[in-house]
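Novice: Questions regarding the structure given below will be posed in turn.
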Amino acid sequence: MNIRTLTGYAVTGLLCLTGLSAPTQASDWTSPHPLSLETKAPATLLPFPKQVTWEGIREAPAAAAWSISKNAKGMPMVRLAWESFLREVKGTDNTPYPVRLVKKADELPENARAEGYKLSVTAQGATITAAAEAGFFNAIQTLRQLAAGRKLPLCEITDWPAFAYRGYMQDCGRNFRSVERLKKELDMAARLKVNLFHWHLTDYPAWHIQCKSHPELNSPKHRTRDLHDTYTYAQIREVCEYAAQRNIRIIPELDMPGHSAYFDRAFGFKMHTEKGMKIVGDLLDEFCREIPADMCPIIHFGADEVRIPNAAQFVDFVTKKLQSHNRIPMQWASSRDLPVGDSSIEQRWGEGADMVARSILPERITRKAFDSTMGYTNLLDPAMLVRRYFFMRPCGSAAGDELKLGTIMCIWPDGKVDNKENIPGMCSMWPGMCAMAERSWVGGDADGDALPLEMPGPDTEAHRAYASFEQRMNVLRKRTFRDEPFPFWPETGIEWTVVDPVPTAQAEATRQSVLAGKTACLTTRKAYCANLYFRTRPDTGYLGMFMSTQPGHTTWAITTINSPKAGQMPFMIGFDAPARSNRRWTGVPQNGDWSQAGTRIWINGKEMKNPRRYKLAGQKALRGNQWNFEEPLDTEEVWWVQDETNLPLKKGANTIVIEQPYIGEHQSWGVSLIPLFNERTKAKGGKKKKKKSRKD
C-alpha cells in the first residue's frame, strides 16, 4: 500500500473551512490519572494501570520462591506468561511467595471482564482476580514489570483497557519477514498488552501465501522481491497459534483488487475482471479452508487505492465469499478506496485534511472501525511518531465501544529493504508501539490532537505527563528492548528560543543579531523539547510551529546546553526526517555540511563543521515522490539509526545556535539536537559509562 497521508487539523484555515471546533489547548490537557501515581511509582509500568495504590516495598523473591496456584494448569496463556516471568526474576529472597489466581467476574466492571484484572501484591504473596484467561495473562505482564528489579513494590491494582484492540501492522507483502522474526516481535508486543497483529501478506511484489489452486502465483518469475519466500499454510497457522498463546489476535490481509501487480504478471489479466474474480474466489476459498475461522475470524481484503468500474460488484462478491466461510470482512476506508461493504469493518486512514478530520470525529464513526490515522511509522520521525500516539485519542474518543474498536499502528517500509533487521529502527517501531500501547490501554478524556505540533511548556500537565512517559519508556528501552533498535531518547528538559522565520534573502541581518545575542529586537518564541518541528512535508500535514510559512524562509534556534566536563560530547543530530515510502527529503549532506538545506551550527560563537564523513555525500535529494522503488534505503539517509555525533563543549553552559533554512516542501523542516551525556551522567550516580551502541 502506498503511503497513507495524514494532515493535522489544527490549521486555523482548515478549522474555518470545516467548521470544526478548535482543539484543546495544552493548558487544558489533563492526565487520565493523578500524575503523582506515575512519578512516585516504585516500579516502571507501561501501559500504566487504570487504578493503583502503592503500599510499600519488600525484597523481591528469588525465582525458586515464586509459585502459582494449581488452576493455572488449565490456562495455557497463563502458564506461558508465568514461565517467561520466572526466567527474568532478579530477586534473592528465598521466602516462599505464592501467587493465587481467583476466577471471578463480579469484582470487575462489566466492560472490563474480557481483559481486566485485579492484582494485590502483599508482603506474603499476590492474588490475581480476573474473569477470563486474558485478564490473568495481562496481570502477569504487570507483575513482570513490578518484579523487574531487586525490590518488589506492594500495591493494589485494578486495571482494564480503554479500547478492545491495541494493534500493529507489518507489511510482509513488500518485505517478507521470517516466521522467527515475527514470533520475536509478538513476544515483545505481548509484554505491552498489545493484542492484535495485522499481517499484510500480499502486495505489488508478490502473493507470499502458499497457493495450491494456482501455484503459478508462487513462481519466482512473477515476483519482484523476496523471490523464493512463501508462507506455507502450516507456517501461517503456526504464527496464529503462537500469537493466540500471547493473547494476540491475527488479522491477515490479502490485498485486492489493488496492490496486485503480481496477479497481472501471473495471469495476464486483472483481478476485477470476470476471469480474475473467479480466481479471487478460488484464493479466498483455499485460504479459508486452510486457516480455520476460530483462528482468524476477521479477514482484511484491502480494497485500497484503486479505481475499477465494477467497484460495488467486486466488494459485494468478496464480502459474501468471506461471509460464506463465517468470516468478518475488513477494508481500508478513505476517499481513495473502494466503497466499504455493509458487513465490513473499516480501517480509517488519512488522505488529505478533510479525511483525517472526519476519521477522528467519533460521531462520524457509524460502523465498526479501527483508527490508523495517527501516523505511519515509516513517515514520521521517532519523536513526532511518539508524540502523536501519546497525545491523540484513538477514534477521537476517551474509550472504545462496540463501534470504536481501537487502533492499529501501521509499519510500511514500502521500498525494498536489503537487511530486514533494519525495519524496526528505520521505522521507529518499538517507540511507536510503546506510545500506542499506552494511549489505547489508558485512554483519557483530554483531546490532545493538536499537541504533537509543538511540545507544551513545562508548566503544563501535558508536558509533565509526556516527560513521565518518556522516562518510563526509556527504562523499557534499556530493559525489554535492549537487544532491539530503539531510536528514541528523552527530549524534554531542553529549552529553545526560536526566531520567527524571515525570507532567506534577508537572513544576513537576522543572523548577525542572533550571533550577537541581540534577540530582544526579534520576534521569538519558546520551545521545550529536543526535537523542533517548524513545518513538515505535506504528507504529514504541515505539522509544526510555522505551518503557514512557505519555502524560502530561514529560522534560528538558540539553546544553552550544560556539560559536566570539557571535551567532545555525544549528541544525536538530525535536520530532516526522510519519508521511507516516497523518499522525499533533502538528501545526504556534503562532507562538512549539516544538511543539503544549508543548516549551520555555532557553539559558543564559533561555527562548527559536521565531523561525520558520508560515503553518499551530496546524494539522495528527492523533491518529488518516488514510489515502489527497488533501491534500498541506506542508513546514511536516516539520522536516528546512525552513530552519535560528538560536538566540542566547554564545562558548564554552552550556547548553541542552529540556522535552518526552508528550501522546499520535500523537506521536513526542523531540528533535532539530543544530548546523550545528560542521561549517561545520571546513570549509576554519575559514574563513567562505556560507549553506547546505536541501539541505545
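Rundown of residues vs (1) in a helix (DSSP H, G or I); (2) over 28 Å from the mean Cα position of the chain (by Cα); (3) modelled with pLDDT under 95; (4) not aromatic (Phe, Trp, Tyr), yes/no style:
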| position | (1), (2), (3), (4) |
| --- | --- |
| 30 | no, no, yes, yes |
| 79 | yes, yes, no, yes |
| 84 | yes, no, no, yes |
| 119 | no, yes, no, yes |
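The rows are residues; the columns are (1) modelled with pLDDT under 95; (2) over 30 Å from residue 259 (Cβ atoms); (3) assigned to a loop (DSSP other than H, G, I, E, B).
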position	(1), (2), (3)
17	yes, yes, no
24	yes, yes, yes
49	no, yes, yes
57	no, yes, no
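Novice: Taking the conditions exactly as written (hydroxyl-bearing (Ser, Thr, Tyr) and surrounded by fewer than 17 Cβ atoms within 10 Å (Cβ to Cβ)), does residue 586 satisfy them or not?
Specialist: no
Novice: Can I ask one more? I'm trying to understand the selection: among the residues of the range 390-442, which are among the charged types (D, E, K, R) and over 20 Å from residue 473 (Cα atoms)?
Specialist: 401, 402, 404, 414, 416, 418, 420, 421
Novice: Now, a different point. Determine whether the range 323-334 contains at least one residue that is assigned to a loop (DSSP other than H, G, I, E, B), among the basic types (Lys, Arg), within 19 Å of residue 201 (Cβ to Cβ) and free of Cβ contacts under 8 Å to residues at least 60 places away in the same chain.
Specialist: yes
Novice: Here's something else I'd like to know. Could you tell me whether any residue of the range 622-642 is of a type outside the set (Gly, Ala, Ser), in contact with a strand residue (DSSP E or B) (Cβ under 7 Å, 6 or more places away or on another chain) and closer than 25 Å to residue 486 by Cβ?
Specialist: Checked the range 622-642: at least one residue is of a type outside the set (Gly, Ala, Ser), in contact with a strand residue (DSSP E or B) (Cβ under 7 Å, 6 or more places away or on another chain) and closer than 25 Å to residue 486 by Cβ.
Novice: Another question about this same structure. Could you check the range 127-154 and list, in sequence order, the residues that are assigned to a strand (DSSP E or B), buried (at least 21 other Cβ atoms within 10 Å of the Cβ) and touching a helix residue (DSSP H, G or I) at 6+ places or on another chain (Cβ under 7 Å)?
Specialist: Listed by number, the residues that qualify are 128, 130, 152.
Novice: Going by the structure shown, is residue 469 buried (at least 23 other Cβ atoms within 10 Å of the Cβ), modelled with pLDDT of 95 or more and assigned to a loop (DSSP other than H, G, I, E, B)?
Specialist: Judged against the criteria, residue 469 is not a match.
Novice: Which one is surrounded by the most Cβ atoms within 10 Å (Cβ to Cβ) among residues in the range 489-540 that are acidic (Asp, Glu) and not in a helix (DSSP H, G or I)?
Specialist: The extreme case among them is 491.
Novice: In the range 22-78, what residues are under 16 Å from residue 121 (Cβ atoms), in contact with a Leu (Cβ under 9 Å, 6 or more places away or on another chain) and of a type in the set (Ser, Thr, Tyr)?
Specialist: Within the range 22-78, 44, 53, 69 qualify.
Novice: Going through the range 237-249 one residue at a time, which ones are surrounded by 22 or more Cβ atoms within 10 Å (Cβ to Cβ) and out of contact with any Leu (no Cβ under 8 Å at 6 or more places or on another chain)?
Specialist: 247
Novice: So, one more: Can you find, within the range 635-671, the residue that is surrounded by the most Cβ atoms within 10 Å (Cβ to Cβ) among those that are assigned to a helix (DSSP H, G or I) and touching a helix residue (DSSP H, G or I) at 6+ places or on another chain (Cβ under 8 Å)?
Specialist: So, considering only residues that are assigned to a helix (DSSP H, G or I) and touching a helix residue (DSSP H, G or I) at 6+ places or on another chain (Cβ under 8 Å), the one surrounded by the most Cβ atoms within 10 Å (Cβ to Cβ) is 640.
Novice: Which one of these is without any contact (Cβ under 8 Å) to a residue 60 or more places away in the chain and buried (at least 23 other Cβ atoms within 10 Å of the Cβ): 200, 208, 259?
Specialist: One residue alone meets the criteria, 208.
Novice: Looking at 457, 415, 448, 444 in this structure, which one is of a type outside the set (Lys, Arg), out of contact with any helix residue (DSSP H, G or I) (no Cβ under 7 Å at 6 or more places or on another chain) and more than 22 Å from residue 378 (Cβ to Cβ)?
Specialist: Only one candidate passes the filter, namely 444.
Novice: Can I ask one more? Of everything in the range 81-117, what is surrounded by fewer than 16 Cβ atoms within 10 Å (Cβ to Cβ) and either outside the structural domain of residue 152 (by TED's automatic domain parsing) or in contact with a Pro (Cβ under 9 Å, 6 or more places away or on another chain) (or both)? Give them in sequence order.
Specialist: 92, 93, 94, 95, 96
Novice: Please work out if residue 108 is assigned to a strand (DSSP E or B), in contact (Cβ under 8 Å) with a residue 12 or more places away in the chain and at negative phi.
Specialist: So residue 108 fails the test.
Novice: Taking the range 332-371 on its own, how many of its residues are closer than 18 Å to residue 312 by Cα and modelled with pLDDT under 90?
Specialist: 3
Novice: Can I ask one more? If you check 548, 563, 595, which single one turns out to be buried (at least 20 other Cβ atoms within 10 Å of the Cβ) and in the same structural domain as residue 610 (by TED's automatic domain parsing)?
Specialist: The unique qualifying residue is 595.
Per-residue answers, yes or no, for (1) modelled with pLDDT under 95; (2) surrounded by fewer than 24 Cβ atoms within 10 Å (Cβ to Cβ):
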| site | (1), (2) |
| --- | --- |
| 380 | yes, no |
| 386 | no, no |
| 403 | no, yes |
| 417 | yes, yes |
| 429 | no, no |
| 440 | no, no |
| 444 | yes, yes |
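Novice: A further question follows. When the range 122-135 is examined, which residues are found to be in contact with a strand residue (DSSP E or B) (Cβ under 7 Å, 6 or more places away or on another chain) and either in contact (Cβ under 8 Å) with a residue 40 or more places away in the chain or polar (S, T, N, Q) (or both)?
Specialist: 122, 123, 127, 129
Novice: Within the group 289, 223, which residue is charged (D, E, K, R) and surrounded by 18 or more Cβ atoms within 10 Å (Cβ to Cβ)?
Specialist: 223
Novice: If you don't mind, another one. What's the number of the condition residue 138 fails, among (1) touching a strand residue (DSSP E or B) at 6+ places or on another chain (Cβ under 8 Å); (2) more than 21 Å from residue 444 (Cβ to Cβ)?
Specialist: Among (1) touching a strand residue (DSSP E or B) at 6+ places or on another chain (Cβ under 8 Å); (2) more than 21 Å from residue 444 (Cβ to Cβ), the lone unmet condition for residue 138 is (2).
Novice: Taking residue 486, is it surrounded by 21 or more Cβ atoms within 10 Å (Cβ to Cβ), assigned to a strand (DSSP E or B) and among the aromatic types (Phe, Trp, Tyr)?
Specialist: no
Novice: Further, regarding this structure: Given the options 225, 181, name the one that is part of a loop (DSSP other than H, G, I, E, B) and either assigned by TED's automatic domain parsing to the domain that holds residue 245 or β-branched (Val, Ile, Thr) (or both).
Specialist: 225
The values are calculated or read from the model by the stated rules, or taken from the named source; none is laboratory data. Since we're looking at a predicted model, the values are computed, not measured. With ideal geometry, Cβ positions are generated from the backbone for all residues, glycine too; neighbour counts draw on all protein chains shown.
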